[in-house]
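The values are calculated or read from the model by the stated rules, or taken from the named source; none is laboratory data. Remember, it's a predicted structure, so these values are computed and weren't measured experimentally. Cβ sites come from the backbone with ideal geometry, for glycine too, and all protein chains shown count toward neighbours.
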Amino acid sequence: MVPVLLILVGALATLQADLLSHKKFLLLPPVNFTIKATGLAQVLLHWDPNPDQEKRHVDLEYHVKINAPQEDEYDTSKTESKCVTPLHEGFAASVRTILKSSHTALASSWVSAELKAPPGSPGTSVTNLTCTTHTVVSSHTHLRPYQVSLHCTWLVGKDAPEDTQYFLYYRFDVWTEGCQEYSRDALNRNTACWFPRTSINSKRLEQLAVHINGSSKHAVIKPFDQLFTPYAIDRVNPPMNVTVEMESNSLYIHWEKPLSAFPGHCFNYELKIYNTKNGHVQKENLITNKFISKIDGVSTYSIQVRAAVSLPCRMPGRWGEWSQPIYVGKERKPLVEWRLFVLPTAACFVLLTFSVICRVCHLWTRLFPPVPAPKSNIKDLPVVTEYEKPSNESKIEVVHCVEEVGFEVMENSTF
Ligand SMILES: *[C@@H]1O[C@H](CO)[C@@H](O)[C@H](O)[C@H]1NC(C)=O
Ligand SMILES: *[C@@H]1O[C@H](CO)[C@@H](O)[C@H](O)[C@H]1NC(C)=O
Ligand SMILES: *[C@@H]1O[C@H](CO)[C@@H](O)[C@H](O)[C@H]1NC(C)=O
């Protein structure tokens, strides 16, 4: 093994030395290098081999370097390459001829080209663009049963004039479409868009390109591009037909996979059992679509399930939306419960305060009995008699509190 390697290394070195020693052998840069925008957030780089390049039985390749908007580099033996990237800050790249797998030991000079950033005043482009997708039932069920809807929102550029109007376009693969359904802010500017159906396929790995440009009478509006990875922005629908059956001290929970193009085995589930009485939350991560839970028999529970697509079907994305809560146990109306608890408590508190005040006043009058002659006034008497009443009311207060306890006991016994 080692001798073979040595021979190989030796041979390579001889070849390189051979090439280098021939002063005439030069690598020439490619010609006609162009960068062309071929779609939203997409460019095509093209060049031709230098017609004067000497071949000499060696393999030639190209080393491409992207300089903007984000640095990247790669080697290719083709004379064309496609790049998907935001273009609102322009695009610049360079290319040179290299010897195949020579790791730039021998290379031509660079040729460069660029795509200028589109014009626009600073601060006029949209900010905080976010997009999400959902699976929906297709309108053409004979073609494919499911399609994907797209919803995007953004903020108006902080320096955009009041008359600015924004327009959103998306591209997925070769398909480009403009938004038809916008939501507007108070100044009638578009700030959200909804596509009920798109060409997006959330099983594919291609990037979704979103482009928002705009117009105004007072300024040139700078366009904005952003790329999204479909699986990362896909909000999985909640699981369907969630059912909960209560039998003695067990809950039998069952559900079906969400509305989705993925088959059942692709999903992970998270089950949340919330004990509304003591606030305890039980969470379970499951790959099956049923679960049996032990319960204490006296509490009320709310049950929700959510789903996520998992490997190997797709890169794991975020959890989807929770299903609507299902309540089991005795039905409680939170408002009624609140009133039953708070009102008697408040009443008790008021009455208690009252009685304390009365007692103090009473004591006060005893300690400092009204001085007969000059200070006497008739007002004091009825006030004192008023103060005497609360001893009665404090009983009512007790009754209220007992009622409250009674309610608790009753409630417990019915579970
Ligand atoms: C470069 O482009 C010019 C003009 O389009 C064309 O005539 C020429 O053939 C191209 N060169 C090569 C090497 O293809
Ligand atoms: C918009 O994005 C910026 C930077 O990412 C962030 O600081 C800001 O809170 C966001 N604004 C809103 C309203 O979400
Ligand atoms: C916005 O971009 C779309 C798609 O590239 C283009 O058709 C449209 O003319 C542009 N509108 C403005 C106002 O720049």
Do any strands (runs of 3 or more DSSP E) entirely within segment 98-186 hold 3 or more residues that are within 29 Å of the chain's Cα centre (by Cα) and of a type in the set (S, T, N, Q), and if so, which? 127-137, 146-155
Any idea which residue in segment 247-258 is surrounded by the fewest Cβ atoms within 10 Å (Cβ to Cβ), counting only those that are part of a loop (DSSP other than H, G, I, E, B) and of a type outside the set (S, T, N, Q)? Lys257
Starting from residues that are among the polar types (S, T, N, Q) and touching a strand residue (DSSP E or B) at 6+ places or on another chain (Cβ under 7 Å), keep the ones in segment 137-179 and report whichever is modelled with the lowest pLDDT. Ser139
Out of all the residues in segment 45-67, which are farther than 14 Å from Ser81 by Cβ and under 40 Å from the mean Cα position of the chain (by Cα)? Asn67
Between a residue in segment 49-77 that is at positive phi and any residue that is more than 16 Å from ligand 2 (Cβ to nearest atom) and not in a loop (DSSP other than H, G, I, E, B), which pairs come within a Cβ distance under 9 Å, given they are 6 or more apart or on different chains? Arg56/Leu19
Evaluate segment 325-340: report whether one residue or more is modelled with pLDDT of 60 or more, on the phi > 0 side of the Ramachandran plot and surrounded by 13 or more Cβ atoms within 10 Å (Cβ to Cβ). yes
Let me spell it out: the conditions are (1) of a type outside the set (Phe, Trp, Tyr); (2) surrounded by fewer than 19 Cβ atoms within 10 Å (Cβ to Cβ); (3) not in a loop (DSSP other than H, G, I, E, B), and Ile273 meets all of them except one. Which number is the exception? (2)
Selection within segment 161-174 - surrounded by fewer than 21 Cβ atoms within 10 Å (Cβ to Cβ), under 21 Å from Val84 (Cβ atoms) and away from ligand 3 (no atom under 13 Å from the Cβ): Asp173, Val174
Yes or no: Trp47 farther than 30 Å from Phe228 by Cα, of a type in the set (Phe, Trp, Tyr) and either more than 16 Å from ligand 1 (Cβ to nearest atom) or surrounded by 12 or more Cβ atoms within 10 Å (Cβ to Cβ) (or both)? no
Could you look through segment 150-160, keep only residues that are surrounded by fewer than 16 Cβ atoms within 10 Å (Cβ to Cβ) and over 12 Å from Arg184 (Cα atoms), and pick out the one that is nearest to ligand 1 (Cβ to nearest atom)? Asp159
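Residue-wise test of (1) under 30 Å from Ala160 (Cα atoms); (2) assigned to a strand (DSSP E or B); (3) among the β-branched types (Val, Ile, Thr).
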site	(1), (2), (3)
Lys203	no, no, no
Ile212	yes, yes, yes
Pro238	no, no, no
Glu245	no, yes, no
Ala261	no, no, no
Asn268	no, yes, no
Gly279	no, no, no
Phe291	no, yes, no
Val298	no, no, yes
Look through segment 184-201, keep the residues that are closer than 21 Å to Ala160 by Cβ and in contact (Cβ under 8 Å) with a residue 24 or more places away in the chain, and return whichever of them is surrounded by the most Cβ atoms within 10 Å (Cβ to Cβ). Cys193
Scanning segment 274-291 for residues that are touching a Leu at 6+ places or on another chain (Cβ under 7 Å) and hydrophobic (A, V, I, L, M, F, W, C), the one nearest to Arg314 (Cα to Cα) turns out to be Leu286
Would you confirm whether or not segment 223-232 contains a residue that is assigned to a strand (DSSP E or B), out of contact with any Gly (no Cβ under 6 Å at 6 or more places or on another chain), within 17 Å of Thr132 (Cβ to Cβ) and within 16 Å of ligand 2 (Cβ to nearest atom)? yes
Count of segment 81-123 residues which are surrounded by 15 or more Cβ atoms within 10 Å (Cβ to Cβ) and within 16 Å of ligand 2 (Cβ to nearest atom): 1
